[in-house]
Structure formats: structure tokens, C-alpha cells
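One structure is given below, encoded as C-alpha cells.
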Amino acid sequence: MPTQRQLHLGGFLIASPVTHSHAAWRHPGSETDYFGPDHYHRVGRILERGTFDFAFFADLLAAPVRFGGDQSEPFRRGTQAAATIDPSLVAASIGAVTSKLGIAVTKSTTYFHPYEVARVFGSLDHLTRGRIAWNIVTSLSQAEAQNFGFDEHVAHDRRYELAEEFVSTAVKLWSSWDADAVRADKESGVWADPDKIHAINHDGTHYRSRGPLNQPRSPQHRPVLIQAGSSDTGRNFAARWAEAIFEIDPTPEGRKAYYDDVKSRASNFGRNPDHVKIFPSFIPFIGETESIAREKQAFHNELADPISGLITLSVHTDHDFSQYDLDAPVEDITVSGTQGLFDVARRLSQRDELTLRDIGKLYAQGVLLPQFVGTAGDVADQIEESFRGGEADGFIVSSAQSPGTFNEFVDYVVPELRRRGLFRTEYEGNTLREHLGLGDPFEDLPADVRGEEQRLGA
């Protein structure tokens, strides 16, 4: 009999008091030390106990300023990105106290250089012995541009043009050492074979890098590549490069349409669509009974402040929503930031006759993530229905309080998923690539990139 297809799980984090839920930091069950190691170590151990594939760290490079042009309210209300620490350093810390859990880290292709990013992720992959992923983003806002010395943010399609060359350059750098380049022969005194280490001599439209990377090939060859493209340009980029895709859509029909579309695009790029794993995200509320779970949900949602939500919506879309009537429907406007999230907000406003204030409230409750509510069996039912309905290959669990949500999910929902044969009972490999059931890192690249890697000796 064929083995039943199993789902994958990630846990969503930002190295910050706020993740998707803007109510979480106010929740009496949440911890408050978000700038030391203990909280992240605790969450990492919980996720590893639940045999999650990875912890996923989102990141932004600026405190919010887009809503009304004033940073005082984001700081006062404690909105997303008002205070964060560098997730790549947190990842190294978590990696030191776990042995199997993958760790995905966000890094922008707009305000860094390919060599720097390749070196950071190669180092992390070495330090974790092959458990690292790079969540590729192109940055969202003008505030991020100004922090890096630019007056204006790079236009949307231009950012993806930069990202294309950026990722391609990084891939070359990760392949600049052959797998057997290191000899470490004490008797002969030869540490590495120079014939197996290659300059990449990249001289492109936007980037130049001689190479090679000054570190040996890492355990995974390169990090697992993650992306969250939602616009048409973003979907093409995700389908071309990503091995895991993070998605936000609160509706089953939206998730199904996205899944089918991106898988089709991946095939068109000559890739195996089974090696492009799509991860919608949700927030679970779990109780001994459905009514208890509903009470937990209502308590959390009441803590969400609509203005906090609109501040973050303004960041994500790079558009100032303070200029609109809070009690009117969301207008059909053009935004320069994350277009997919705004499209979801506008669609919900039209479908459910929601005002901008309503959307702000939903955004503060969880950035438009669906909420799966009920007993452990009820939540598992919702996961199974979505998984079997062709909406997902896995899911990213986001917390309403931390670490409580992760503890409850691992203690109650994971056993139910295992009982149904939907989720692993133990790790079967050591690397993140193995957890996700991905192919050879060379074969998982776009068809036209494989030839360049072959030239380098990959």
C-alpha cells in the first residue's frame, strides 16, 4: 500500500512582542521577555517536541511610520516591528539548544548584498548542521529604504528584478566549493584542494561578486528557499525559486486557487511541483470543549485594537490608511507594498460589508489569518479538511499567546494528527531539506540555473 501523504508544520515567530496577533503581548498568558534567549529557546524546544519542520522568523527593517507619518502611536501601542532583534542571531541561539528543528530566517534582497547574505546563511547552515532556510523578501516600505540611506523605496516590480539576480548570485556562491574540496590532510599539510574551489566572477546588471565564498559547502549545500509571493510578479518569483511558500488567505477558495496557481507556475519553470511546499497560516484556539475554545478566542480578539491593525496594514502595503473614513468600506486603491494582503482585505470588505475599522480589527487579531477554533479534534478536522481539499502541503501555526498556543497545539492537536496518520511521529532525517521531503538541492533549482551551477562544478 502507498504511504499516506503527510502534512508539514512550521511555527510562526518574530523576534518581537508582536507576531501576527497584536493582542498577544497584552495576553496575561504571554511571556514578556522578547529580547533575551530564554523565550526563543523555550519555543524552539516546544516545536521540536512536536516534531515541527521549522520555526519561521519574519522580519522588518524599520519601525512603523506610514500611518499618519508618526511613529509615536506604533511605539505606544506596541505594533508589529516597533521593536525587534535580528532573527539570524536568534536562529543561531535556537540552533544551539535543538538538534532537529529547522529554522527559517527572513532577509531582504533589496538592502543587502548577495555575498553577505550567502555568507550568513552558509554559516547558519554549518552551525545548525543543515537546518536553515532563507525566507526571501524584497522589503515593504519607504521607512526601510530611509533606514538604509535612500529617499524612496524601490518600485515593486524593480524589487523583484533585483531579487532575481540576487538569489542567482547567492546560489552561485553556495556552489563555489565542491562538496569534497576540504581534505584536512595533516600529514601532507593540504587543507583544501584549490582546484575544487571556484571564483564565480559574477558581473551582472545590479551586482558584482568575484567569489568564491570563504567557507566550505554547508551540509544542505544551500539553505532551503522560502518565499511569500502574492502579486502576479511575486507568484512567478515564488514558483521559480521557492521550496516552501508562506501564504495568508482566510478563505478556503482563496487558498485552493493560490495552491493550484503556484503549482502550475512551478511546472512551467521546469520544476517538480511536489518540491514546492505551500504553507497557509492560521491561529488555533483549543479548548476541552468548543465553548471553552470560543471563550479563549473571544477574550483574545477583544484585546485587538483596530488602530494597531491599520498601522500594520499601512506598513505591509506601504500606504497611509489614516487618510480614510474608518466607517466606510475599504477603497479600491493602488498600493506599493504587499499587494496580495491588500487584495485579501479588499475582498473581505466587499464580501462581508466590512468597514476599514472592521478590517483594522481583523488585522490586529492576526493579519487576516483564519482562526481554527474548537477541541483538539475540531482543530485537527479543520486542518485535515484544508489539507485534503488541495489547499496546502503544510501549515504555519501562529500564536495567540506565547508560548501557550504552541504548547497546547503540540500537547493536544499534534497527537490527534498523528493518530490520523497525517503527521510524523518522529523525525526521520537530520536536515530541514529531509524534513520537507525535498529533492537534491541542485535539481530543485529552476532549469536555466542548473546549467550555471554545472559550470561551477556543482
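The values are calculated or read from the model by the stated rules, or taken from the named source; none is laboratory data. If you're wondering where the values come from, they're calculated on a predicted model, not measured in any experiment. Backbone-built Cβ (ideal geometry, glycine too); neighbour counts: all protein chains shown. The protein model used for the area step is the full one, side chains on, heavy atoms only, and it has no ligands, DNA or RNA in it. Shrake-Rupley method; radii C 1.70, N 1.55, O 1.52, S 1.80 Å.
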> Is it true that Asp151 is touching a Pro at 6+ places or on another chain (Cβ under 6 Å) and of a type in the set (Asp, Glu)?
Replying inline: no
> Only one residue in Asp157, Asp125, Asp70, Asp86 is farther than 30 Å from Leu313 by Cβ and either open to solvent by 10 Å² or more (accessible area, probe 1.4 Å) or at pLDDT 95 or above (or both), so which one is that?
Replying inline: Asp125
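The rows are residues; the columns are (1) assigned to a loop (DSSP other than H, G, I, E, B); (2) touching a His at 6+ places or on another chain (Cβ under 7 Å); (3) not small (Gly, Ala, Ser).
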| residue | (1), (2), (3) |
| --- | --- |
| Ala364 | no, yes, no |
| Val373 | no, no, yes |
| Ala380 | no, no, no |
| Glu384 | no, no, yes |
| Ala400 | yes, yes, no |
| Tyr412 | no, no, yes |
> If the Cβ limit is 6 Å and pairs must be 6+ apart or interchain, which residue in region 47-71 that is under 17 Å from Gly429 (Cβ atoms) pairs with which residue that is of a type in the set (D, E, K, R)?
Replying inline: Glu48/Lys100; Thr51/Arg424
> Which one is nearest to Gln365 (Cα to Cα) among residues in region 23-76 that are touching a strand residue (DSSP E or B) at 6+ places or on another chain (Cβ under 6 Å) and assigned to a loop (DSSP other than H, G, I, E, B)?
Replying inline: Asp59
> Could you list, in sequence order, the residues of region 135-167 that are touching a helix residue (DSSP H, G or I) at 6+ places or on another chain (Cβ under 8 Å), closer than 22 Å to Ile14 by Cα and not small (Gly, Ala, Ser)?
Replying inline: Ile136, Thr138, Leu140
> For region 293-319, what are the residues that are touching a Ser or Thr at 6+ places or on another chain (Cβ under 6 Å) and outside any helix (DSSP H, G or I)?
Replying inline: Asp318
> Which residue pairs have Cβ atoms closer than 7 Å, lie 6 or more positions apart in sequence or on different chains, and pair a first residue in region 212-227 that is among the hydroxyl-bearing types (Ser, Thr, Tyr) with a second residue that is open to solvent by 10 Å² or more (accessible area, probe 1.4 Å)?
Replying inline: Ser218/His126
> For residues in region 322-331 being farther than 13 Å from Asp358 by Cα and not in a loop (DSSP other than H, G, I, E, B), which is nearest to the chain's Cα centre (by Cα)?
Replying inline: Ser322
>> Need the failing condition index for Gly44 against (1) more than 21 Å from Ala304 (Cβ to Cβ); (2) open to solvent by 10 Å² or more (accessible area, probe 1.4 Å); (3) small (Gly, Ala, Ser); (4) under 20 Å from the mean Cα position of the chain (by Cα), just the number.
In response: (2)
>> If I filter region 332-348 down to residues being part of a helix (DSSP H, G or I) and either more than 16 Å from Thr317 (Cα to Cα) or not small (Gly, Ala, Ser) (or both), which single residue comes out as modelled with the lowest pLDDT?
In response: Gln339
> Among Arg217, Arg255, Arg222, which is under 20 Å from Gly10 (Cβ atoms) and surrounded by fewer than 24 Cβ atoms within 10 Å (Cβ to Cβ)?
Replying inline: Arg255
> Can you name the residue in region 293-329 that is farther than 24 Å from Ala82 by Cβ and of a type outside the set (Lys, Arg) and is also surrounded by the most Cβ atoms within 10 Å (Cβ to Cβ) among such residues?
Replying inline: Ala293
> Considering only region 414-433, how many residues are part of a helix (DSSP H, G or I), in contact (Cβ under 8 Å) with a residue 12 or more places away in the chain and either under 20 Å from Lys277 (Cβ atoms) or open to solvent by 40 Å² or more (accessible area, probe 1.4 Å) (or both)?
Replying inline: 5
>> List the residue pairs whose Cβ atoms are under 6 Å apart, where the first residue sits in region 91-103 and is in contact (Cβ under 8 Å) with a residue 24 or more places away in the chain and within 9 Å of Arg131 (Cα to Cα), the second is open to solvent by 10 Å² or more (accessible area, probe 1.4 Å) and among the hydrophobic types (A, V, I, L, M, F, W, C), and the two are 6 or more positions apart or on different chains.
In response: Gly95/Leu127
> Within region 269-283, is even one residue under 20 Å from Ser398 (Cα atoms), free of Cβ contacts under 8 Å to residues at least 40 places away in the same chain and among the charged types (D, E, K, R)?
Replying inline: no
> Only one residue in Phe52, Phe57 is touching a Pro at 6+ places or on another chain (Cβ under 9 Å) and buried (at least 22 other Cβ atoms within 10 Å of the Cβ). Which one?
Replying inline: Phe57
> Does Asp86 satisfy being farther than 24 Å from Ser108 by Cβ and out of contact with any helix residue (DSSP H, G or I) (no Cβ under 7 Å at 6 or more places or on another chain)?
Replying inline: no
>> I'd like to check something: does region 392-402 contain any residue that is in contact (Cβ under 8 Å) with a residue 40 or more places away in the chain, of a type in the set (Val, Ile, Thr) and surrounded by 16 or more Cβ atoms within 10 Å (Cβ to Cβ)?
In response: yes
>> Test of understanding: among Asn214, Asn272, which residue is more than 27 Å from Ala24 (Cβ to Cβ) and modelled with pLDDT under 95?
In response: Asn272
